[in-house]
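The values are calculated or read from the model by the stated rules, or taken from the named source; none is laboratory data. All values reported here derive from a predicted model rather than from experimental measurement. Cβ placement follows ideal geometry from the backbone for every residue including glycine, while neighbour counts extend to all protein chains displayed. The area values use the complete protein model at the heavy-atom level, side chains included, leaving out ligands, DNA and RNA. Shrake-Rupley method; radii C 1.70, N 1.55, O 1.52, S 1.80 Å.
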Amino acid sequence: MYNEIDLDKIDIVTEPPTEEPARQYYFMAKCREWVRNFQKQKGCPPKACVVNFGCQMNAKDSEKLTGILKEAGYQWGEEQEADFVIYNTCTVRDNVNQRIYGRLGVLHGCKRRNPRLKIALCGCMMQENAVIEKIKKSYGFVDLIFGTHNIFKFSELLYTCLISDRMIIDIWKDTDKIVEDLPVERKYPFKSGINIMFGCNNFCSYCIVPYVRGRERSRESEDILREAKRLAAEGVKEIMLLGQNVNSYGKNLEHPISFAQLLQEVEKIEGIERIRFMTSHPKDLSDELIQVMKQSKKICRHLHLPLQSGSTKILKAMNRRYTKEQYLALADKIRSEIPDIAITTDIIVGFPGETSEDLEETIDVVKKVQFDNAFTFLYSKRTGTPAASMENQVPEEVVKPGFDRLLHVVQETAKHRAGLLAGQYARVLVEEVNEHDSHLMTGRMSNNMLVHFPGGEELLGQFVTVYLKECRGFYYIGERMA
Ligand code: 5AD
Ligand code: SF4
């Protein structure tokens, strides 16, 4: 197990081991030696900065990168003062790609001021050939590029990059490899994500994820439970099980196990008080899961259930494999079985061929399901996906008014749902000192809603009961019960 490995005892003079994760520990030790030499020469250790773009999966991956950099001896610094900057990129929508290119331009300026700065790029965007070509051509100052499948190799790649002047590129098309027991530096001491599966097999026609994250593969349940137990022993109270489509967890394992069964095993772990998961695909959400959630004392009253569109015609073109009616029936069933559950969703507006009638269907679903929150996205054409080559693309200026209308309905619905809790008491996990007012602490309710209330830092990581005094749209102002 990684926290039992002493890097300083690894023999780094001999050849590196071939098996994993031993090989990566060898290179971590090499990096540590490099960092010590840097410190001897410059009088201070090098600083690193990990910048995360994208989803919870990426956030988790960034914790892995951070864990390795810390093991190597890097200190933390802002982008402008760092000696090693890594962008963990996302490519789900084009606006993120553009932001990343923009920030790379700024980093170039940093490198001119600090020539020893090393710049690394990893994550989903790097799995696209066109991106690699563009970086080679126009961003030649980048030092290291790797993708999603070989992130476990980061120690080795970091070391290669540190001792080389060339641009190092290592991209794998796909993998069935899952390397366990590498270091992770968690952002919060009291809550943590756990990967339960990687990749996606659904091929929704607009989505680039199956191409950049590869085929679906589940981690062995023993490995997941071992990790959860270790986290509990370290003081973690809330865990989030992560996968692109958690409802199909375990199907391809040698000893198949359902997601609901996995949840029941996690529930037994002492010390874990809350369990969340992300993301569910409506087509795979089983009755078994609903019942397990209903009976659970630990699974949070929150389900993120991406709708994408309320039009059966568009859902078919999206390859979502459910109809408007099936989604409505599912949401109904969940709400009647678990009345205090919050349902949130993702919606795409402007998919090829979408008409104003189709959008009306989506708005109709929003009104009927009464989502507690919804993330609305303008359709973004992703090269290589089936939707990108559909002929009936809708120009953005045509889509925008409908998008704004949907957003308005979503906000009104969410406000209404949130307001229903006024005057109640909620058990919250205290996560942060409020960004804007340091007299306030921020806690998260089981249903994922935030409440800000007067309190001190000693409450961080504690469960407290808060009176929900005033609803401010998406969050509450509350008072802590003595
Ligand atoms: N355009 C717009 N939104 C997208 N999403 C995924 N692909 C696209 C795309 N091409 C959204 C979906 C998904 C969320 C993570 O991102 O709504 O659920
Ligand atoms: Fe993309 Fe669909 Fe897989 Fe989600 S389920 S990652 S939207 S292909």
Quiz item: Taking the stated definitions as given, is residue 353 away from ligand 2 (no atom under 15 Å from the Cβ), at positive phi and surrounded by 15 or more Cβ atoms within 10 Å (Cβ to Cβ)?
Solution: yes
Practice problem: Consider residue 205 carefully, then state whether it is of a type in the set (Gly, Ala, Ser), within 16 Å of ligand 2 (Cβ to nearest atom) and either free of Cβ contacts under 8 Å to residues at least 12 places away in the same chain or surrounded by 21 or more Cβ atoms within 10 Å (Cβ to Cβ) (or both). | Solution: no
Quiz item: Does residue 231 fit the bill of being under 14 Å from residue 299 (Cα atoms) and modelled with pLDDT of 95 or more?
Solution: no
Quiz prompt | Checklist (1) more than 18 Å from residue 54 (Cα to Cα); (2) touching a residue at least 60 places away in the same chain (Cβ under 8 Å); (3) away from ligand 1 (no atom under 16 Å from the Cβ); (4) in contact with a helix residue (DSSP H, G or I) (Cβ under 7 Å, 6 or more places away or on another chain) applied to residue 186, failing item | solution = (1)
Quiz item: Which residues, taken from the stretch 371-388, are within 12 Å of ligand 2 (Cβ to nearest atom) and more than 21 Å from residue 54 (Cα to Cα)?
Solution: 386, 387
Exercise. Would you confirm whether any residue within the stretch 146-165 is in a loop (DSSP other than H, G, I, E, B), in contact with a His (Cβ under 7 Å, 6 or more places away or on another chain), open to solvent by 10 Å² or more (accessible area, probe 1.4 Å) and over 20 Å from residue 73 (Cα atoms)?
Key: no
Quiz prompt | Residues located in the stretch 356-385, provided they are open to solvent by 50 Å² or more (accessible area, probe 1.4 Å) and either in contact with a Cys (Cβ under 9 Å, 6 or more places away or on another chain) or assigned to a loop (DSSP other than H, G, I, E, B) (or both) | solution = 370, 381, 383, 384
Self-check item: Within the stretch 272-304, tally of residues that are touching an Asp or Glu at 6+ places or on another chain (Cβ under 9 Å) and either closer than 20 Å to residue 462 by Cα or surrounded by 15 or more Cβ atoms within 10 Å (Cβ to Cβ) (or both)
Solution: 17
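If you take the residues of the stretch 29-42 that are in contact (Cβ under 8 Å) with a residue 60 or more places away in the chain and within 15 Å of residue 75 (Cα to Cα), which of them is least open to solvent (accessible area, probe 1.4 Å)? Working first, answer last.
If we filter the stretch 29-42 for residues that are in contact (Cβ under 8 Å) with a residue 60 or more places away in the chain, which is where we start, we get 30-31, 34.
Now restrict to residues that are within 15 Å of residue 75 (Cα to Cα): 31, 34.
Numbers: 31: 2, 34: 70 Å².
Applying the filter and picking the extreme gives 31.
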Self-check item: Residue satisfying all of: in the stretch 189-218; among the charged types (D, E, K, R) and either over 18 Å from the mean Cα position of the chain (by Cα) or modelled with pLDDT under 95 (or both); nearest to ligand 1 (Cβ to nearest atom) among these
Solution: 213
Self-check item: Within the stretch 239-259, considering residues that are closer than 30 Å to residue 462 by Cβ and open to solvent by less than 10 Å² (accessible area, probe 1.4 Å), the one farthest from ligand 1 (Cβ to nearest atom)
Solution: 239
Quiz item: Is one or more of the residues making up the stretch 169-186 buried (at least 17 other Cβ atoms within 10 Å of the Cβ), touching a Ser or Thr at 6+ places or on another chain (Cβ under 6 Å) and over 30 Å from residue 352 (Cα atoms)?
Solution: no
Practice problem: Look at the stretch 53-94 and say how many of its residues are within 16 Å of ligand 2 (Cβ to nearest atom) and at positive phi. | Solution: 1
Quiz item: So is residue 423 within 13 Å of ligand 1 (Cβ to nearest atom), part of a loop (DSSP other than H, G, I, E, B) and not acidic (Asp, Glu) or not?
Solution: no
Quiz item: Assuming residue 18 fulfils every condition listed in (1) under 18 Å from residue 187 (Cβ atoms); (2) of a type in the set (Ser, Thr, Tyr); (3) without any contact (Cβ under 8 Å) to a residue 12 or more places away in the chain apart from one, which condition is it?
Solution: (1)
Practice problem: Within the stretch 416-429, identify whether any single residue is of a type in the set (S, T, N, Q), open to solvent by 50 Å² or more (accessible area, probe 1.4 Å) and either under 17 Å from residue 357 (Cα atoms) or under 28 Å from the mean Cα position of the chain (by Cα) (or both), and answer yes or no. | Solution: no
